[in-house]
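Visitor: What follows is a structure written as structure tokens; I'll ask about it next.
The values are calculated or read from the model by the stated rules, or taken from the named source; none is laboratory data. Being a predicted model, the structure only gives us computed values, none of them experimental. All Cβ positions, glycine included, derive from the backbone under ideal geometry; neighbour counts span all protein chains shown.
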């Protein structure tokens with residue numbers, strides 16, 4: 001599997017993501033600078049976490065205008081796999097590649113801790129190795145992770161089974177207490193209509209081996225690999 005990681009000014013999880021992809025897939029992930037107007041031949045491109053352009057205006061608002069985002073959008077339109085992690089998720093919503101918006105956390109504080117998320121849909125290219133309802137342990141680190149969408153959009157996400165991950169407790173119950181940032185419907189991750197663009201706030205690239213507190217993120221990468229190993 002050939003994967004790439006975009007680097008924006010202010011990205012700080014790009015090398016973590018490169019290391020995770022390279023370690024799990026056995027193939028060196030490449031980096032793509034934000035000023036590039038074309039992408040190399042890739043199977044999957046990832047927008048990493050961090051603070052692109054210092055999160056000026058709001059998270060992801062300036063990064064959406066980076067030259068590389070036109071190439072990412074074209075890649076997605078052609079069916080290429082795109083993942084936005086944390087700040088990457090924010091960029092995807094700002095770019096219109098995913099619906100809704102990420103607002104400031106309800107307690108107006110930056111959150112950095114290990115949380116639980118429940119797998120809501122295991123029939124996507126990103127979640128094939130998970131059982132539906134499985135509780136995953138991954139870290140979050142964000143100030144603007146409070147997912148919001150208009151009621152009609154939320155209804156559509158539910159109806160089309162496009163809510164992929166929800167914040168939950170240890171028993172898999174999605175409660176207000178288990179919601180770290182106030183996200184609507186405890187949403188931690190969603191996909192687009194075609195199922196090839198995923199946005200999620202938890203950092204799966206920081207949860208792919210035991211020394212990092214969890215190996216749950218590894219199965220997300222392996223799920224994607226299965227698609228290309230079958231070719």
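Visitor: Being modelled with pLDDT of 95 or more and either in contact with a helix residue (DSSP H, G or I) (Cβ under 7 Å, 6 or more places away or on another chain) or buried (at least 18 other Cβ atoms within 10 Å of the Cβ) (or both) is the requirement here; does residue 76 meet it? Walk me through it before giving the result.
Guide: On the way: modelled with pLDDT of 95 or more: yes; either in contact with a helix residue (DSSP H, G or I) (Cβ under 7 Å, 6 or more places away or on another chain) or buried (at least 18 other Cβ atoms within 10 Å of the Cβ) (or both): yes.
Answer is yes for this residue.
Visitor: Here's another thing I want to ask about it. Search region 148-165 for residues that are at positive phi and pair each with any residue that is crowded, with 18+ Cβ neighbours inside 10 Å and not in a helix (DSSP H, G or I) when their beta-carbon atoms are under 6 Å apart and the residues are at least 6 apart or on different chains.
Guide: From residues that are at positive phi, the pairs are 161/121.
Visitor: Tell me, which strands (runs of 3 or more DSSP E) wholly within region 154-231 include 1 or more residues that are closer than 20 Å to residue 29 by Cβ? Lay out the reasoning, then the answer.
Guide: Numbers: elements: 163-168, 187-191, 197-200.
Strands (runs of 3 or more DSSP E) meeting the threshold: 197-200.
Visitor: Starting from region 90-112, keep only residues that are on the phi > 0 side of the Ramachandran plot and in contact (Cβ under 8 Å) with a residue 24 or more places away in the chain, then list their pairs with residues that are assigned to a loop (DSSP other than H, G, I, E, B) and buried (at least 17 other Cβ atoms within 10 Å of the Cβ) whose Cβ atoms are within a distance under 9 Å, requiring at least 6 positions of separation or different chains.
Guide: If the second residue must be assigned to a loop (DSSP other than H, G, I, E, B) and buried (at least 17 other Cβ atoms within 10 Å of the Cβ), the pairs left are 100/149.
Visitor: State all residues of region 138-165 that are under 16 Å from residue 113 (Cα atoms) and in contact with a helix residue (DSSP H, G or I) (Cβ under 9 Å, 6 or more places away or on another chain); if no residue qualifies, say none.
Guide: Filtering region 138-165 for residues under 16 Å from residue 113 (Cα atoms) gives 138-146.
Of everything in region 138-165, those that are under 16 Å from residue 113 (Cα atoms) and in contact with a helix residue (DSSP H, G or I) (Cβ under 9 Å, 6 or more places away or on another chain) turn out to be 138, 139, 141, 142, 143, 144, 145, 146.
Visitor: Can you pull out every residue in region 175-210 that is farther than 21 Å from residue 98 by Cα, touching a residue at least 24 places away in the same chain (Cβ under 8 Å) and out of contact with any helix residue (DSSP H, G or I) (no Cβ under 8 Å at 6 or more places or on another chain)?
Guide: Listed by number, the list holds a single entry, 180.
Visitor: Output the residues belonging to region 74-117 that are out of contact with any strand residue (DSSP E or B) (no Cβ under 9 Å at 6 or more places or on another chain) and more than 23 Å from residue 154 (Cα to Cα).
Guide: Listed by number, the residues that qualify are 74, 78, 79, 108, 109.
Visitor: Residues 134, 118: which one is crowded, with 21+ Cβ neighbours inside 10 Å and within 29 Å of residue 228 (Cα to Cα)? Talk me through it step by step, then tell me what you get.
Guide: Numbers: 134 fails: crowded, with 21+ Cβ neighbours inside 10 Å.
Result of the check over 134, 118: 118.
Visitor: Right, residue 105: within 26 Å of residue 226 (Cβ to Cβ) and buried (at least 18 other Cβ atoms within 10 Å of the Cβ) or not? Lay out the reasoning, then the answer.
Guide: Details: within 26 Å of residue 226 (Cβ to Cβ): no; buried (at least 18 other Cβ atoms within 10 Å of the Cβ): yes.
The answer is no for residue 105.
Visitor: Among the listed residues 172, 96, which satisfies the condition of being surrounded by fewer than 23 Cβ atoms within 10 Å (Cβ to Cβ), out of contact with any helix residue (DSSP H, G or I) (no Cβ under 6 Å at 6 or more places or on another chain) and closer than 22 Å to residue 212 by Cα?
Guide: Working: 96 fails: closer than 22 Å to residue 212 by Cα.
Criteria check complete, one pass: 172.
Visitor: Here is a further query. Can you tell me which of (1) touching a helix residue (DSSP H, G or I) at 6+ places or on another chain (Cβ under 9 Å); (2) at pLDDT 95 or above; (3) on the phi > 0 side of the Ramachandran plot is the one residue 213 doesn't meet?
Guide: Evaluating residue 213 over (1) touching a helix residue (DSSP H, G or I) at 6+ places or on another chain (Cβ under 9 Å); (2) at pLDDT 95 or above; (3) on the phi > 0 side of the Ramachandran plot leaves (2) as the failure.
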